[in-house]
Amino acid sequence: MEDNKLSFTKAAIEGLPIPTAGKRVTYHDTKTNGLQLRVTHTGVKTFSLHRRVKNGGVERVTLGRYPDMTVEQARREAARLNALLVQGINPNTDSRALKTETTLQQLCDEFLKHRRNRRGAYLADKTKRSYRYDYDLYLSQWNNRQLSRFKDTDFGKLHTQIGKDYPTTANRIIALASSLFSYALERKLYKGINPAMGIKKFPENKRDRFIQSDELPAFFKALADEPNETLRDFFLVALLTGARRSNVMAMQWNHINLSRAEWRIPTTKNGEPQTVTLTMEAVEILKARQGVNDTWVFPGVGKSGHLEEPKKGWKRVLERAGIENLRIHDLRRTLGSWQAKTGASLAIVGKSLNHKSPSTTAIYARLDLDPVRDSVDRATNAMLVAAGVKSGGDVVKIAPNRTDIFQTNRNTL
């Protein structure tokens, strides 16, 4: 049997001659100890590891066929098995060798259980459910594949396939796959290059939807007709504060100071605390909710104790209002848009919505709540006037009987 040494590369391997009938040739990689490539007369090229073990015997471990297994993957796997051989673990006979190679499913389970966000907190249950849904739908086809067996072309093909119909979803799935492999690298569950990185994303249109002037009357009327008081008040507070949905759902009484008309959010999405100014209308809603629950402003039946999923109520509101293509997050954008309409600067809007931008952070730091409060008050007043539930300078209050949302000394919905 003829032996040869060369540095394994794609070009070198594909340029190797085919042996004559009935023969095979073995090539040795000059960069990775023990890594071989066997070429048969039929053109089949197979990677293997050929090494002595601790007891003095010689073992050959088949790694995979080229080009299904790339040179980089073969080298990673050979390095992993070499480490096992040093420990006295024989990959051919010891099940521990197989157990050390993490599969994609095992990685996903580990990721969802132990992954922490930038603030050091574990992933929220809602985030876990979203990741699990995407994984099961698009990545579970590779549940039992070991991480070293993945090629960048696997995720590139998947991205292209999904992107034909759902470009945004395709980008999200690749981002999830990249996060999984980045986590594997951090935890030393995998060695090599992240195969989901470097894939060019499909262009996405940034959403700019908010409630328009002519939609506000129907929207507020639909809210007034909402039978679930918790959901109705939740939507209103989300609109009047411009806070993120997750923060409003988890709003706690011990973070609210009604006398100062302020709500202190200890930690937000960007990792920093936020003080939210409360308009008189928001204060009235919160006062009316006192006594409903000692801890949560918007209690729920889930294990968190607070409201977790308002989608069904939101769907009812939109159907009654006859409004399409409006998301709960658009309430946040609505306040910011009306602030801009009523003359607020981008710095003021950014401060009130707790946006974090390197170019404006220095400006935000110099702002106090007074101009923010003025801007939010003006925007809220303009919205309520456009909705027909407020006239001039009247302060809108919650109806004592809780059957209507707003009432003034002139109008009652």
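The values are calculated or read from the model by the stated rules, or taken from the named source; none is laboratory data. Source: prediction; values computed, not measured. Cβ sites come from the backbone with ideal geometry, for glycine too, and all protein chains shown count toward neighbours.
Just a few scattered comments:
- Residue within the range 153-175 that is in a loop (DSSP other than H, G, I, E, B), in the same structural domain as ARG115 (by TED's automatic domain parsing), more than 21 Å from LEU286 (Cβ to Cβ) and among the hydroxyl-bearing types (Ser, Thr, Tyr) present: yes
- Out of ASN143, ASN171, one residue alone is surrounded by 13 or more Cβ atoms within 10 Å (Cβ to Cβ) and touching a Cys at 6+ places or on another chain (Cβ under 9 Å). It is ASN143.
- Among the residues of the range 146-168, the ones that are free of Cβ contacts under 8 Å to residues at least 24 places away in the same chain, surrounded by 15 or more Cβ atoms within 10 Å (Cβ to Cβ) and more than 14 Å from LEU180 (Cβ to Cβ) come to 0 in all.
- Taken over the range 375-392, residues that are among the hydrophobic types (A, V, I, L, M, F, W, C), closer than 15 Å to LEU223 by Cβ and in a helix (DSSP H, G or I) amount to 4.
- For the range 50-64, the count of residues that are closer than 16 Å to GLY192 by Cβ, surrounded by 19 or more Cβ atoms within 10 Å (Cβ to Cβ), of a type in the set (Val, Ile, Thr) and touching a residue at least 24 places away in the same chain (Cβ under 8 Å) is zero.
- Selection of the range 103-128 for residues being of a type outside the set (A, V, I, L, M) and modelled with pLDDT under 85 yields ARG116, ASN117, ARG118, ARG119, GLY120, TYR122, ASP125, LYS126, THR127.
- When residues in the range 237-282 are screened for being touching a strand residue (DSSP E or B) at 6+ places or on another chain (Cβ under 9 Å), aliphatic (A, V, I, L, M), farther than 30 Å from ARG116 by Cα and crowded, with 18+ Cβ neighbours inside 10 Å, 2 of them pass.
- Any strands (runs of 3 or more DSSP E) falling wholly within the range 17-67 and containing at least 3 residues that are within 43 Å of the chain's Cα centre (by Cα): 35-40, 45-52, 58-66
- In the range 215-235, the residues that are free of Cβ contacts under 8 Å to residues at least 60 places away in the same chain never reach a residue that is surrounded by fewer than 20 Cβ atoms within 10 Å (Cβ to Cβ) and part of a loop (DSSP other than H, G, I, E, B) with C-beta atoms less than 9 angstrom apart, at least six apart or across chains.
Matching residues to (1) in a helix (DSSP H, G or I); (2) closer than 23 Å to ASN254 by Cα; (3) in the same structural domain as ASP225 (by TED's automatic domain parsing):
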residue	(1), (2), (3)
ALA288	yes, yes, yes
LYS303	no, yes, yes
LYS315	yes, no, yes
ALA340	yes, no, yes
ALA344	no, no, yes
VAL349	yes, no, yes
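- Those residues of the range 13-49 which are out of contact with any Gly (no Cβ under 9 Å at 6 or more places or on another chain), surrounded by 14 or more Cβ atoms within 10 Å (Cβ to Cβ) and among the hydrophobic types (A, V, I, L, M, F, W, C), in sequence order: ILE13, LEU16, VAL25, LEU35, LEU37, VAL39
- For the range 179-224, the candidate set comprises residues that are in contact with a helix residue (DSSP H, G or I) (Cβ under 8 Å, 6 or more places away or on another chain) and of a type in the set (Ser, Thr, Tyr); within that set, the residue that is farthest from SER391 (Cα to Cα) is TYR190.
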